[in-house]
Amino acid sequence: MSSLLELIDHLSGLVDASPAALPTVQQAVSDLIQQAANAGRQDAEVALQHMSALVSQAGFLPAALIAVGCGALIERGADPAIASAAILTRMRESLELAPTFVSACQNEARDHPGVCDPADSAACVQQFGRKISQQMPEVTQAWAALEPFCTAALAVLMRLPAMRETVRNDRAFQGALAAYPLDSSALQCVRDILQVLENEEIIVLHPVLKRGYRVCIRGIGRNFELHTLLADALIGDPAQGWLPGQRPDPRVVSAAKDDPFPWPGEDAKDFPSAVGKFNLWNWQGLQPDGTFPQGFEKKEHWIWNEGKPADIAMFEGVRVILLGPPPYERRWNAGRYFPGMKGEVEVLEHLSPMLVDEWLTRIQAAVTH
């Protein structure tokens, strides 16, 4: 523990580091992570507590580097709740200030016609960012810190559903997310995880077999995982009310829930692929006669695997999934879009044949208008 505390003290002495000293901060964070991880979970959480305090205190760039270190400890098993508030608060502060830097770069472009299009914010940042960084160092650091803060925030948000809900209800945070003017893959991942459905009840209907289910989903990042978990949950003994077919490989199912992909010691190329068991349709894809279009017709009503459950269309205030035959063989890599989040599909109810008919009749009536 003494060597760990020495590393914590060393890192604490660097929180006011100038931008030129950031590599020293990064190395100190790396040393601390390694020492804490080798010492065990209890020591890792002691380190995380100290690092969380530094995230709150430090300037934007050293705080962002320390936040990434917090994320690494969380991914290795430390309690994410320890650092969640500090990381998300500083990310929001960064989000709120960073647009000022981007706007300043765009204003420079307006003052220098012909250099770059002021509407192209990314080009303006590339062209004038260095100049603005000398004039406005704090907002520049807020902008530069945003991506590492996003990385750290994802480590928290994947593991804490309650924190996802807190951020969704934070108007300042949501407003800053919506207003940020640049494209960012890291920021888009944060937006995506905040759209993950929590304890969402969905009606699943198989029109041909006249079977239906009320299910609850949670923690599913992409419809690839949803497809796998629906197949695992609904395929079984038809005499018991389940759908006929072959359930997915158990390893593929576990990878879509909460197991690692690939398994420790296993090469990814040796891991089984996920295989499509159905074609997932939004309710608008059902034809008035209760059948589905052939081939790729009306594919705009497919529930694409690449999409997310939040994209599934609502019918009468409830998301509805219709299951049809796959138009072609689909295979994809197992695993989860957000590997730190547990995906679940729970069957709450088998719908009676009468209730299935009622649902299908209302849907067929709706698609004719």
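Taken together, the values in this text are just the output of simple stated rules run on the coordinates, not laboratory data. Since this is a predicted model, take the numbers as computed values, not measurements. Please note: Cβ atoms are built from the backbone with ideal geometry, for glycine as well, and neighbour counts cover all protein chains shown.
Using C-alpha pairs below 8 Å separated by at least 6 residues, the relative contact order for region 24-179 is 26 percent. In percent, rounded to a whole number, the relative contact order of the chain is 15, using alpha-carbon pairs under 8 Å and six or more apart. Comparing 230, 209, 97 in a Gaussian network model of the chain where C-alpha atoms under 10 Å apart are linked, the largest mean-square fluctuation is found at 209. Mean-square fluctuations from a GNM of the chain, with a 10 angstrom spring cutoff on Cα atoms, peak among 298, 269, 308 at 269.
When the dipole is taken about the Cα centre of the chain, and only Lys, Arg (+1) and Asp, Glu (-1) are charged at their Cβ, what size is it in debye, to the nearest 20? Please report the intermediate quantities before stating the final value.
On the way: 31 positive and 44 negative charges, 115 e Å.
For this selection, approximately 560 debye.
Note: region 73-113, Cα convex hull, 62 Å³ per residue. A convex hull fitted to the Cα coordinates of region 19-61 yields 52 cubic angstrom per residue. Packing, as the average of other Cβ atoms within 10 Å across residues, places the peptides 202-208, 245-251 in the order 202-208, 245-251, highest first. Largest first, the three principal axis extents of the alpha carbons in region 200-367 are 53, 32, 28 Å in whole numbers.
For the pair residue 27 and residue 316, the difference between a 0.36 nm per residue extended length and the Cα-Cα distance amounts to 98.5 nm. For residue 296 and residue 367, the FRET efficiency from 1/(1 + (r/R0)^6), where r spans their Cβ atoms and R0 equals 30 Å, is about 0.95.
Convex hull over the Cα atoms of region 30-170, averaged projected area in nm²?
Working: hull surface 36.4 nm².
Result: a mean projected hull area of 9.1 nm².
How big is Rg to Rh over region 256-300, alpha-carbon atoms, Rh as the Kirkwood inverse-mean-distance radius? With Rg and the Kirkwood Rh in hand, the quotient comes to 1.25. Taking DSSP loops as anything outside H, G, I, E and B, show the longest stretch in the chain free of GluC sites (Glu not before Pro) there with at most 15 other beta carbons within 10 Å. In short, 1-197.
Using only alpha carbons, build the gyration tensor for region 1-80 and give me the equivalent ellipsoid semi-axes, biggest first, whole Å.
Values: eigenvalues 75, 31, 20 Å².
Over the Cα atoms of region 1-80, the ellipsoid semi-axes are 19, 13, 10 Å.
Placing pseudo-labels 7 Å out from each Cα toward the beta carbon at residue 198 and residue 57 gives an inter-label distance of 3.2 nm. Lysine pairs in the chain whose alpha-carbon atoms fall under 19 angstrom of each other, counting only those eight or more residues apart or on distinct chains, come to 8.
When only the Cβ of Lys, Arg, Asp and Glu is charged (+1, +1, -1, -1), the dipole of region 208-350 relative to its Cα centre reaches about 140 debye. Here the mean projected area of the convex hull built on the C-alpha positions of the chain is 22.8 nm². For region 143-299, averaging the sequence separation of C-alpha pairs within contact (under 8 Å, six or more residues apart) and dividing by the residue count gives a relative contact order of 14 percent.
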